[in-house]
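Report on the structure given below.
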Amino acid sequence: MTLKIFDVKIPDIPFSDRLEILEECVPKSNRVLQIPFEDDTEILDAMEECVQLDYEGLIIRSLAGMYQCGRQSNKNCYKLKVK
């Protein structure tokens, strides 16, 4: 089993800054793969790759999104699940 980290719990800074901190502090082998998307086509391509790799799906976050304790905000985070 390997611990995989996808975010750092630091309030009042956007996800893009938290991602930089994560990349500086956590070895790549312990980070969840994070891919920036430019358009919807890239999201659909990534979803197809998830299907091929037997992943559960994607989590799409706004780079400007602030950390929120508890439940995720629908404004900053979307989940696409493979069924």
Order by neighbour count: 2, 41, fewest other Cβ atoms within 10 Å first, most last. 2, 41
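Loop only by DSSP, 11 or fewer other Cβ within 10 Å of the Cβ. Give me the trypsin sites (Lys or Arg not before Pro) in the stretch 1-55 that pass, ordered by residue number. Write down the numbers at each step before the final one.
On the way: sites: 4, 9, 18, 28, 31; in loops: 4, 9.
Here the trypsin sites (Lys or Arg not before Pro) that fit, given the DSSP loop and packing criteria, are 4, 9.
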Residues of type lysines that residue 79 reaches as a straight line, Cα spacing below 21 Å, ignoring anything fewer than 8 places off in the same chain: 4, 9
Using modelled amide H (1.01 Å from N, peptide plane; none on Pro or chain starts), what sits under 5 Å from the amide H of residue 31, excluding residues fewer than 5 places away? 5
Out of (i) 9.0; (ii) 6.3; (iii) 10.3, which label holds the value of mean projected area of the Cα convex hull in nm² that was computed here? (ii)
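Test of the criteria: in the chain, which GluC sites (Glu not before Pro) are in a DSSP loop and have at most 14 other Cβ atoms within 10 angstrom of their Cβ? If you can, show how the numbers build up before the last one.
Details: sites: 20, 23, 24, 38, 42, 48, 49, 56; in loops: 38, 56.
Here the GluC sites (Glu not before Pro) that fit, given the DSSP loop and packing criteria, are 38, 56.
Since every read-out is calculated from the coordinates, none of them should be taken as a lab result. Remember, predicted model here, so these are calculated numbers, not experimental data. Cβ: placed from backbone, ideal geometry, glycine included. Neighbour counts: every protein chain shown.
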